[in-house]
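Let me begin by presenting the structure, written as structure tokens, before commenting on it.
The values are calculated or read from the model by the stated rules, or taken from the named source; none is laboratory data. In this text, all values refer to a predicted model and were calculated from it rather than measured experimentally. Virtual Cβ from ideal backbone geometry, glycine too; neighbours counted across all protein chains shown. To get the accessible areas, we keep the full protein, side chains included, count just its heavy atoms, and leave off ligands, DNA and RNA. Shrake-Rupley method; radii C 1.70, N 1.55, O 1.52, S 1.80 Å.
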Amino acid sequence: MTAAPILEVEGLAVAYGAAFAVRDLSFSVPEGGIVALVGSNGAGKTTTVQAIAGAMRPRAGRVRLAGAEVAGADCAEMVRRGVTLVPEGRLVFPQMTVDENLRMGGLNARAAPNVTRNLARVFELFPRLAERRNQLGGSMSGGEQQMLAIARGLMAEPRLMILDEPSLGLMPKLVGELFGLIQRLNGEGITILLVEQNVRQTLQIADRAYVLEKGRVVLSGAGSDLLDDPFVRKAFLGH
Ligand SMILES: Nc1ncnc2c1ncn2[C@@H]1O[C@H](COP(=O)(O)OP(=O)(O)O)[C@@H](O)[C@H]1O
Ligand SMILES: [Mg+2]
């Protein structure tokens with residue numbers, strides 16, 4: 001894929017107090033692509049995407065979105081610029097209904113005028129959510145909450161959707177559906193940055209993937225090439 005990058009991360013460093021979780025991290029995401037960050041627990045994947053989405057302030061480095069420097073911008077500004085994070089652990093609002101959760105996702109100035117159209121779109125994509133629109137978020141199953149979290153993200157009309165471990169805790173059948181959904185959204189023009197521990201399925205759909213270890217990129221390449229990489233096979237694919 002030779003499309004211009006929508007996201008360029010260069011020399012990113014992020015810390016909790018004095019402890020650096022990410023240092024000198026660089027990668028890029030081409031417009032229209034699917035790029036994956038993989039790596040074991042604690043590698044720094046969540047910290048990285050939190051910093052990109054504006055939920056954590058980088059200590060150093062550049063984050064460019066469609067060419068504009070955005071390192072240090074807050075979440076509201078990143079959402080307005082078209083970057084939506086579907087966070088690890090889903091974080092749906094348990095005491096709000098499905099409908100209210102979805103409306104919360106569409107509050108930014110760009111998407112707010114289109115809330116009716118966007119609700120219709122996500123209900124078409126997720127008929128289950130339409131059936132349950134008046135049910136409390138917290139009363140839904142794990143799989144339904146993950147769909148709700150993704151649908152809430154779509155309400156913001158993202159250009160770049162970042163998904164942090166969306167398959168965590170899902171039944172195998174739902175994992176397959178989830179990966180299909182991600183490909184469908186990408187086919188509709190949304191660029192995807194995907195954090196996953198489900199490495200095999202992720203590399204199968206990723207144009208490019210970066211392997212993180214201790215806050216650094218240790219390996220990168222086309223998803224299909226990494227599937228055959230001896231290090232990746234040993235560390236993540238069990239052979
Ligand atoms: N809130 C926090 N406070 C202090 N350290 C944290 C916090 N969150 C994560 N860390 C540390 O940062 C490192 C990277 O964590 P994280 O980004 O969550 O990794 P991953 O998402 O790849 O599992 C780990 O060493 C983790 O213990
Ligand atoms: Mg994580």
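How many residues are under 24 Å from VAL79 (Cα atoms), more than 21 Å from the chain's Cα centre (by Cα) and open to solvent by 70 Å² or more (accessible area, probe 1.4 Å) if we restrict to the stretch 114-132?
3
Return the residues of the stretch 60-113 that are assigned to a helix (DSSP H, G or I) and either within 15 Å of the chain's Cα centre (by Cα) or within 16 Å of ligand 1 (Cβ to nearest atom) (or both); say none if nothing qualifies.
Answer for the stretch 60-113, where residues must be assigned to a helix (DSSP H, G or I) and either within 15 Å of the chain's Cα centre (by Cα) or within 16 Å of ligand 1 (Cβ to nearest atom) (or both): CYS75, MET78, VAL79, GLY105.
Kindly list, by first and then second residue, each pair from a residue in the stretch 202-213 that is open to solvent by less than 20 Å² (accessible area, probe 1.4 Å) to a residue that is basic (Lys, Arg), limited to pairs with Cβ atoms under 9 Å and residues at least 6 apart or on different chains.
LEU212/LYS45
Condition check ((1) assigned by TED's automatic domain parsing to the domain that holds LEU178; (2) small (Gly, Ala, Ser); (3) surrounded by 15 or more Cβ atoms within 10 Å (Cβ to Cβ); (4) touching a His at 6+ places or on another chain (Cβ under 6 Å)) across all residues:
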position: ALA71; (1), (2), (3), (4): yes, yes, yes, no
position: ASP74; (1), (2), (3), (4): yes, no, no, no
position: ALA112; (1), (2), (3), (4): no, yes, no, no
position: GLY138; (1), (2), (3), (4): no, yes, no, no
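Let me confirm something: among ALA149, ALA130, ALA111, ALA120, which residue is among the aliphatic types (A, V, I, L, M) and under 19 Å from VAL175 (Cα atoms)?
ALA149
Report yes if VAL29 is more than 16 Å from ligand 1 (Cβ to nearest atom), of a type in the set (A, V, I, L, M, F, W, C) and buried (at least 16 other Cβ atoms within 10 Å of the Cβ), otherwise no.
yes
Restricting to the stretch 186-226, and then to whatever is within 18 Å of GLU88 (Cα to Cα) and part of a loop (DSSP other than H, G, I, E, B), can you tell me which residue is nearest to ligand 2 (Cβ to nearest atom)?
Restricting to residues being within 18 Å of GLU88 (Cα to Cα) and part of a loop (DSSP other than H, G, I, E, B), the top hit is GLN197.
Yes/no per residue for (1) under 14 Å from VAL38 (Cα atoms); (2) among the polar types (S, T, N, Q); (3) away from ligand 1 (no atom under 16 Å from the Cβ); (4) in the same structural domain as ASN41 (by TED's automatic domain parsing):
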{"residue": "GLY189", "(1), (2), (3), (4)": "no, no, yes, yes"}
{"residue": "LEU194", "(1), (2), (3), (4)": "yes, no, no, yes"}
{"residue": "ILE205", "(1), (2), (3), (4)": "yes, no, yes, yes"}
{"residue": "GLY215", "(1), (2), (3), (4)": "yes, no, no, yes"}
{"residue": "ALA222", "(1), (2), (3), (4)": "yes, no, yes, yes"}
{"residue": "PRO230", "(1), (2), (3), (4)": "no, no, yes, yes"}
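When the residues of the stretch 32-66 are narrowed to those that are farther than 21 Å from ALA156 by Cα and away from ligand 2 (no atom under 14 Å from the Cβ), which ends up surrounded by the most Cβ atoms within 10 Å (Cβ to Cβ)?
PRO58
Sort out which residues of the stretch 49-59 are in a loop (DSSP other than H, G, I, E, B) and hydrophobic (A, V, I, L, M, F, W, C), and write them in order of number.
Selection gives ALA55, MET56.
If I filter the stretch 150-158 for residues that are more than 17 Å from ARG200 (Cβ to Cβ), open to solvent by 10 Å² or more (accessible area, probe 1.4 Å) and charged (D, E, K, R), do I get at least one hit?
yes
Can we say ILE182 is assigned by TED's automatic domain parsing to the domain that holds THR47, β-branched (Val, Ile, Thr) and buried (at least 18 other Cβ atoms within 10 Å of the Cβ)?
Against the criterion (assigned by TED's automatic domain parsing to the domain that holds THR47, β-branched (Val, Ile, Thr) and buried (at least 18 other Cβ atoms within 10 Å of the Cβ)), ILE182 qualifies.
Identify all residues within the stretch 133-146 that are among the small types (Gly, Ala, Ser) and either in a helix (DSSP H, G or I) or more than 15 Å from LEU168 (Cβ to Cβ) (or both); write none if there are none.
GLY137, GLY138, SER139, GLY142, GLY143
Of all residues in the stretch 214-225, which are open to solvent by 10 Å² or more (accessible area, probe 1.4 Å) and under 13 Å from LEU237 (Cβ atoms)?
Matches in the stretch 214-225: none.
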